Structures are given as structure tokens and as C-alpha cells.
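Comments concern the structure below.
The values are calculated or read from the model by the stated rules, or taken from the named source; none is laboratory data. On a predicted model such as this, the values are computed, not experimentally measured, just so you know. Every residue, glycine among them, receives a Cβ derived from its backbone with ideal geometry; neighbour counts consider all protein chains shown. Accessible surface areas use protein heavy atoms only, side chains included; no ligands, DNA or RNA. Shrake-Rupley method; radii C 1.70, N 1.55, O 1.52, S 1.80 Å.
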Amino acid sequence: MASLQEPWLLENGNLKGSSKEIRYGRTAHNMSSSSLRKKSDLTLVSKVRCGMLRNLLTNLQEVILGTKLTVLFPAIPLAIAADCYGFGRPWVFALSLLGLTPLAERVSFLTEQISYYTGPTVGGLLNATCGNATELIIAIFALWQHKIQVVKYSLLGSILSNLLLVLGTSLFCGGIANLGKEQKYDRRQADVNALLLLLALLCHMLPLLFRMSAASVTLTEVPTLQLSRVSSIIMLLAYVTYIIFQLVTHRQLFEAQEESVEDGDDVLSEETPVIGFWSGIVWLVGMTAVIALLSEYVVGTIEDASESWGLSVSFISIILLPIVGNAAEHAGAVIFAFKNKLDISLGVALGSATQIAMFVVPLCVIVAWILGIEMDLNFNLLETGALTLSIITTAFTLQDGTSHYLKGLALLLCYVVIGACFFLKKTPLNDGNVIDLGVKSAAGSVIAA
């Protein structure tokens, strides 16, 4: 495929950075998604004489047909057609959600292709930015439409699904498939992610406790918003430090994970890119634009789907959106758990949860601030309680560096209970904070007394 690469990216006839260093640019997120890719047969394409047409066909085959999720791509034009021709809005929601599944995996593929040219550090930064692009874009469109509760629900659901569903399924399936083997993983990465998740939890709990501690909600409304914005800035600074820690100062903590994957694993044996640098950039921009379009459909039709299906918006946002939207990444984590490569599975689940909690959530608060929208970090009592117990349970589960199927089963059961809780919760989006109502009623009873 060297003929398809730009000449200025070649050095002594080889791709710049194509040595062992290039493997360090791959994250667990990339490696997980790679398990769903398939090698393309370019025999027929190589016979095309026109160079421009040959490159176009090669790109189409690698980007569109180079994944096992190709069967879901037709959902994208169907969603657009359903919206244009006035089909049922629940159909638009369902088709858009299905269309987002292969796009999320393809974004991971494209960022990895670009990282082959930019080197591991820039590639790592690109992965850190685009790793949860789908959740970020959906959240921004929901903010634009002033659906703050949808933003909070969807981001909370992504964190819970990664900590309990993805990690639980990985540990359970890995334990069942490797009953006769001792399952170990590197605790150092888990400890770093758990520490950052606890920091994020603190930033979520303080605005809630701050509002609960006051006799009047009106007295704490503005200070709670200010506290949330300051906390968001601190979380973003902590996340930047985490990126420096991961890519620069303590890269050696992540090398062993990648070394263990390289031996005897055909899925990760590719050492050269399959598309050019500028082709990757163009495809990435195009995929992001399509994700933005489908995200707008999802946000605009979620309430109609809720009414049609008889499910609450909180259940759809917290449970259905993360499961379907990140199905490719989640499936990859489970596949590597079957192969007894828990470091990758943990890297996917904990890394994604940390990125959402420490980067996407505070970034949404800052973006809302810029747009003049009042979004705070108070996710209400029930939601914050579920997040608290999930993070603490996950931290306890991973504290000894070993795994078995019972740990995974416990995490899965926690997720089922939380899912049942939000399935039964029928609070409309425009309802006030339950905590606020509780505070008001308590204050009223004191006055009456």
C-alpha cells in the first residue's frame, strides 16, 4: 500500500514512525475496535488503471467495507429518508441510533490511521479527543436545544454502561472462557482511572450537597452554578494532566499492555496504514459530519420515541443510548476478555468512563456557559447516588489485580438493578429537581411548625 501514501510522509523508503514507536500510539480503545475490522481484498481494485479512481475505490473498500458492521451502514440513508419524507419519528430515532454504531467504530479506525503519520503523541491526543466523539456531539446538540436533562442522562448512562455493563460483561465472559487460567491485569492503570473517577464524583456530589444543605433553593441556585463551572475547569485541567501522564511522563505504564497484545494476535498485526494521511482527514471530517446529523435526529426525536414506546426519556438516555451507540467498542472489549487480555478490556471500559467524566461532562458545562445556558453538575439525588455506588463498586472490584467470573456477574447485576430503577422512573423532562422539591417541602413543614 506504499503507493497510496503521500511521498512527504516517507523516510528512507519507509513510513515515518513505522517502527515499534508507532505501536505506542495505539490505545486500548483502538485495539478494541480493531477486533471488529476485517482485511479487505484489493485484488480487483489493484487492476484499475486510473490512479485516482483506484485510490477512491481503495478508500471506499477500506473505510466502508473494512468493518464487520458494514451491514448497519444502510441505516444512515434510511434515517435521512425517514426524516425527509415524514416517516414516524420513532423510526427516525431508531435508525439514527443504529447508524451511529458503525460510525463510532470507523472514527476510531480513522484516528488510528492518522496516528500512523503523526506519531504516537499526536495520535494519542487525537484518540483522547475523538474517543467519545459520539457522546460529545449528541450532548452538544442537546445543549443547543436546551435539553439539559438529556445531556446529563446520556453522559451518566455512558459512564454507568462502561463501568458496569462493559467491564462486567468482560470480566464475566473472560472468567467463564478461562476457568482454568489465572486472570491478572495491571493494577496501576486501574488505580489511576479509579482516582480520577473519584475526583469526578467529588465534583458531582458537592453541587448536590451544596443545594441540599440550604433551606432555600433560590439562595443556592447561583452559587451551585458557579461551583459547577469552577469544578469543571479543575476537571479539565486534571484531564490534561492525565493525558500528559499517559503519553509523556509515564508512558511505560502502558507499554506492557501493548507488548502483550502484539504476540500471536492477527487482529493487531497491522504495522502500516491502509489509507493516506489526507484521505484519513477527509474521511474523519465526513464521518463527524454524518455523526452530527444523526445526533441531531436522535436528540430531536427522543421524546417522540419515549411516548411511542412507553419508555421514559431517562431510561432511553441512560440505558439504550450508550448500549447501542457504543456497541462496537463494547463488543471489542468482550472479545479481548475472551482471549484473556483483560488489560485491553479494562483500558476500554475505565478509559472511556474517565474520558466522559473528566472531559466530556465538564466540557459540556463550559460550552453551556459560553452559550448562555445554565447547566450545573447537579445530576439529582438518584442519578448521583447510582454514579457513586457504581464507581465505588468498580474500585473495590479491581483493587487486587485479579479477576474471575463472579466479579463480572456482580457488576452486571448492579447494572440490571440500576436499569430497572430508571425503567420505573417516569419523571418528565420538564419536572423540577426532586431534591429541590424535597428541600422546599421540608422548609415548608418547618415554617408551618
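Scanning for something assigned to a helix (DSSP H, G or I), surrounded by 12 or more Cβ atoms within 10 Å (Cβ to Cβ), modelled with pLDDT of 90 or more and of a type in the set (D, E, K, R), does the stretch 431-444 turn up at least one residue?
So far as the stretch 431-444 goes, no, none of its residues is assigned to a helix (DSSP H, G or I), surrounded by 12 or more Cβ atoms within 10 Å (Cβ to Cβ), modelled with pLDDT of 90 or more and of a type in the set (D, E, K, R).
Let me confirm something: among Glu105, Glu112, which residue is of a type in the set (Asp, Glu), closer than 30 Å to Leu311 by Cα and at pLDDT 70 or above? Can you show your working first?
Numbers: Glu112 fails: closer than 30 Å to Leu311 by Cα.
From the options Glu105, Glu112, the qualifying one is Glu105.
Listed here are the residues, each with its yes/no results for (1) at pLDDT 90 or above; (2) under 17 Å from Asn162 (Cα atoms).
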{"position": "Ile319", "(1), (2)": "yes, yes"}
{"position": "Ala327", "(1), (2)": "no, yes"}
{"position": "Lys339", "(1), (2)": "no, no"}
{"position": "Ile344", "(1), (2)": "no, yes"}
{"position": "Val361", "(1), (2)": "yes, yes"}
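Going through Glu303, Glu307 one at a time, which residue ends up being open to solvent by 10 Å² or more (accessible area, probe 1.4 Å), in contact (Cβ under 8 Å) with a residue 24 or more places away in the chain and within 19 Å of Gln145 (Cβ to Cβ)? It would help to see each step written out before you state the result.
Values: Glu307 fails: in contact (Cβ under 8 Å) with a residue 24 or more places away in the chain.
Among Glu303, Glu307, only Glu303 is open to solvent by 10 Å² or more (accessible area, probe 1.4 Å), in contact (Cβ under 8 Å) with a residue 24 or more places away in the chain and within 19 Å of Gln145 (Cβ to Cβ).
Is it fair to say Arg106 is assigned to a helix (DSSP H, G or I), of a type in the set (Lys, Arg) and in contact with a Leu (Cβ under 8 Å, 6 or more places away or on another chain)? Don't jump to the end; show me each part of the working.
Details: assigned to a helix (DSSP H, G or I): yes; of a type in the set (Lys, Arg): yes; in contact with a Leu (Cβ under 8 Å, 6 or more places away or on another chain): no.
No; evaluated as a whole, the condition is false for this residue.
From the list Thr402, Thr384, pick out the single residue that is in contact (Cβ under 8 Å) with a residue 40 or more places away in the chain and in contact with a strand residue (DSSP E or B) (Cβ under 9 Å, 6 or more places away or on another chain). Lay out the reasoning, then the answer.
Numbers: Thr384 fails: in contact with a strand residue (DSSP E or B) (Cβ under 9 Å, 6 or more places away or on another chain).
Unique residue meeting the criteria: Thr402.
Here is a yes/no grid of residues against (1) open to solvent by less than 10 Å² (accessible area, probe 1.4 Å); (2) out of contact with any strand residue (DSSP E or B) (no Cβ under 6 Å at 6 or more places or on another chain):
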position: Leu156; (1), (2): yes, yes
position: Ile159; (1), (2): yes, yes
position: Leu163; (1), (2): yes, yes
position: Thr169; (1), (2): no, yes
position: Gln183; (1), (2): yes, no
position: Leu198; (1), (2): no, yes
position: Pro207; (1), (2): yes, yes
position: Ser213; (1), (2): no, yes
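For Trp144, all conditions in the list (1) over 17 Å from the mean Cα position of the chain (by Cα); (2) open to solvent by less than 10 Å² (accessible area, probe 1.4 Å); (3) of a type in the set (A, V, I, L, M, F, W, C) hold save one; what is the number of the exception?
Trp144 satisfies all of (1) over 17 Å from the mean Cα position of the chain (by Cα); (2) open to solvent by less than 10 Å² (accessible area, probe 1.4 Å); (3) of a type in the set (A, V, I, L, M, F, W, C) except (2).
So which of Leu350, Leu320 is hydrophobic (A, V, I, L, M, F, W, C) and touching a helix residue (DSSP H, G or I) at 6+ places or on another chain (Cβ under 7 Å)? It would help to see each step written out before you state the result.
Values: Leu320 fails: touching a helix residue (DSSP H, G or I) at 6+ places or on another chain (Cβ under 7 Å).
Step by step, each of Leu350, Leu320 is checked, and only Leu350 is hydrophobic (A, V, I, L, M, F, W, C) and touching a helix residue (DSSP H, G or I) at 6+ places or on another chain (Cβ under 7 Å).
What about Val267, is it open to solvent by 20 Å² or more (accessible area, probe 1.4 Å) and modelled with pLDDT under 85? Talk me through it step by step, then tell me what you get.
On the way: open to solvent by 20 Å² or more (accessible area, probe 1.4 Å): yes; modelled with pLDDT under 85: yes.
Criteria met by Val267.
Is there a residue being of a type in the set (A, V, I, L, M), open to solvent by 40 Å² or more (accessible area, probe 1.4 Å) and either within 19 Å of Thr67 (Cβ to Cβ) or out of contact with any Lys or Arg (no Cβ under 7 Å at 6 or more places or on another chain) (or both) anywhere in the stretch 339-358? Spell out how you get there, then give the answer.
Filtering the stretch 339-358 for residues of a type in the set (A, V, I, L, M) gives 342, 344, 346, 348-350, 353, 356-358.
Add one more test, that the residue is open to solvent by 40 Å² or more (accessible area, probe 1.4 Å), and what stays is none.
No, the stretch 339-358 contains no residue that is of a type in the set (A, V, I, L, M), open to solvent by 40 Å² or more (accessible area, probe 1.4 Å) and either within 19 Å of Thr67 (Cβ to Cβ) or out of contact with any Lys or Arg (no Cβ under 7 Å at 6 or more places or on another chain) (or both).
Could you list all residues from the stretch 215-229 that are at pLDDT 85 or above and open to solvent by 80 Å² or more (accessible area, probe 1.4 Å)? Before the answer, list the steps.
Start the filter on the stretch 215-229 by keeping residues that are at pLDDT 85 or above, which leaves 222-229.
Answer for the stretch 215-229, where residues must be at pLDDT 85 or above and open to solvent by 80 Å² or more (accessible area, probe 1.4 Å): Val222, Gln226.
Here are the criteria: (1) surrounded by fewer than 24 Cβ atoms within 10 Å (Cβ to Cβ); (2) touching a residue at least 40 places away in the same chain (Cβ under 8 Å). Tell me which single one Val361 does not satisfy.
The one condition Val361 does not meet is (1).
Return only the number of the condition from (1) at pLDDT below 85; (2) open to solvent by 20 Å² or more (accessible area, probe 1.4 Å) that Ala238 does not satisfy.
(1)
Can you name every residue in the stretch 131-156 that is closer than 15 Å to Glu329 by Cα and assigned to a helix (DSSP H, G or I)? Walk me through how you get there before you give the answer.
Here is the first cut: in the stretch 131-156, the residues closer than 15 Å to Glu329 by Cα are 131-135.
Those that are closer than 15 Å to Glu329 by Cα and assigned to a helix (DSSP H, G or I): Ala133, Thr134, Glu135.
If you take the residues of the stretch 59-80 that are in contact with a strand residue (DSSP E or B) (Cβ under 8 Å, 6 or more places away or on another chain) and in a loop (DSSP other than H, G, I, E, B), which of them is nearest to Gly276 (Cα to Cα)? Reasoning before the result, please.
The initial filter retains those residues of the stretch 59-80 that are in contact with a strand residue (DSSP E or B) (Cβ under 8 Å, 6 or more places away or on another chain), namely 66-68.
Add one more test, that the residue is in a loop (DSSP other than H, G, I, E, B), and what stays is 66, 68.
Numbers: Gly66: 15, Lys68: 22 Å.
Only one residue fits best here, namely Gly66.
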